[in-house]
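So the structure is just underneath, and the comments pick up after that.
The values are calculated or read from the model by the stated rules, or taken from the named source; none is laboratory data. Because the structure is a prediction, the values reported are computed rather than measured. Virtual Cβ from ideal backbone geometry, glycine too; neighbours counted across all protein chains shown.
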Amino acid sequence: MILIVDDIRANIIALKKTLELHDIDVDTAESGEEALKKILKTDYCLIIMDVQMPGLDGFEVVKILSGNERTKEIPVIFLSAINIEKKYIFKGYESGAVDYITKPVDTDLLILKVKTFLKIYKQQNELKVMKDLLSNEIKIRKEAQDNLEAKIVERTKELILKNEELEFKNHELQQFSWVVSHDLNEPLRKIQIFIGIIKELYLVDDQKAIDYINRTLKSAERMRTLITDLLAYSRLSSNVAHEKTDLNIVLQEVLSDFDYIIQDKNAIIKTGELPVIDSIPSQLRQVFQNLIGNALKFSGNVEKPQIQITSELIKTKDFDSEVSPDGKFCRITVSDNGIGFDEIYLDQIFVIFQSLNDRKEYEGTGIGLAISKKIMEKHNGLITAKSQLGKGASFIMVLPLQYEN
């Protein structure tokens with residue numbers, strides 16, 4: 001809406017009709033004082049004001065409007081037939097008006113200017129609304145960010161405390177494992193020794209007693225192996241520095257340990273070239289020992305067990321990653337032609353104390369593959385297996401060439 005301010009009613013009526021012909025809403029005031037009262041109550045898009053009026057003149061009204069925070073942005077056009085000298089025009093602009101038009105008025109030009117200022121006023125209001133919305137959005141986001149940062153700080157403190165608590169408990173658990181293993185192994189060792197003495201000195205001719213003694217010794221040996229494996233599993237929680245490791249040397253050491261069993265089973269071992277990687281050698285030695293030991297143990301009734309160890313460099317840390325000579329990861333596969341297993345039990349074989357086979361037929365503690373999986377995780381690696389029942393198994397490992405903590 002536009003406000004026309006003029007002390008001559010005839011001028012108001014003529015201008016009002018002209019503007020209304022162009023669908024422009026108009027309000028009127030016949031003095032500066034009346035104009036100020038209306039402006040304080042109503043939001044106007046534009047004010048067309050006469051300069052010379054009794055009481056407050058146009059210059060004084062505009063000066064008052066310019067000093068008020070709510071009204072200073074309202075555009076004002078001065079319209080005068082008397083004060084047409086340059087000094088009055090300059091004074092109009094200095095007081096805060098956006099234009100100064102002298103009479104006689106070009107109606108078309110006046111309407112064009114009015115519509116232009118209305119459009120500018122509308123755009124300014126839209127920008128103001130947009131600015132307010134953006135300011136509010138920024139405020140909301142800043143508050144959300146501050147809350148998030150506070151929560152992150154709080155959560156980080158909680159995680160640090162939990163981590164310290166976990167490290168302390170892990171240390172206690174390791175100490176406990178060492179004590180328990182020693183306390184269990186020592187009496188077990190004495191049991192084995194004394195039963196062996198009884199067998200050799202007092203039961204030479206009693207075959208039935210010797211059979212019972214042998215079963216007892218085997219049970220004691222299984223208990224000793226279980227204690228050793230549990231101790232090895234608990235040791236994996238400790239932090240050990242990684243070092244450059246030639247896996248070819250590690251593999252040959254493991255094969256050397258199995259030399260007797262390999263000859264006894266007439267097994268064929270095929271090895272490819274393995275890479276040099278950052279690792280804890282003793283732990284990867286244990287992985288190879290577990291995998292090759294299982295391949296020999298679960299060879300079944302095949303005449304010549306065959307075990308193949310191969311390696312290739314790959315692009316990404318993924319079992320199915322493509323081969324790349326510049327790859328930063330290696331994929332090592334240990335394959336055999338043994339009894340295999342059904343892949344529906346794939347997740348089960350890496351769980352501690354889980355075994356898919358009859359332990360009377362195949363001795364073991366069910367810890368070996370669980371240890372292997374934990375070792376691979378400590379090396380930022382992966383391990384899985386592919387197999388078919390009766391058609392052998394392939395254990396696949398993916399390891400980074402360079403370890404990053």
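Within region 328-341, does at least one residue satisfy the condition of being at pLDDT below 90 and loosely packed, with under 13 Cβ neighbours inside 10 Å? No, region 328-341 has no match at all.
Taking residue 126 as the residue in question, decide whether it is more than 19 Å from residue 13 (Cα to Cα) and among the acidic types (Asp, Glu). Spelling it out, residue 126 is indeed more than 19 Å from residue 13 (Cα to Cα) and among the acidic types (Asp, Glu).
For (1) surrounded by fewer than 14 Cβ atoms within 10 Å (Cβ to Cβ); (2) under 60 Å from the mean Cα position of the chain (by Cα); (3) not in a loop (DSSP other than H, G, I, E, B), each residue gets a yes or a no:
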residue: 91; (1), (2), (3): no, no, yes
residue: 97; (1), (2), (3): no, yes, no
residue: 112; (1), (2), (3): yes, yes, yes
residue: 120; (1), (2), (3): no, yes, yes
residue: 124; (1), (2), (3): yes, yes, yes
residue: 128; (1), (2), (3): yes, yes, yes
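Out of curiosity, is residue 173 modelled with pLDDT of 85 or more and either among the polar types (S, T, N, Q) or under 36 Å from the mean Cα position of the chain (by Cα) (or both)? Considered against the rule, which asks whether it is modelled with pLDDT of 85 or more and either among the polar types (S, T, N, Q) or under 36 Å from the mean Cα position of the chain (by Cα) (or both), residue 173 comes out as no.
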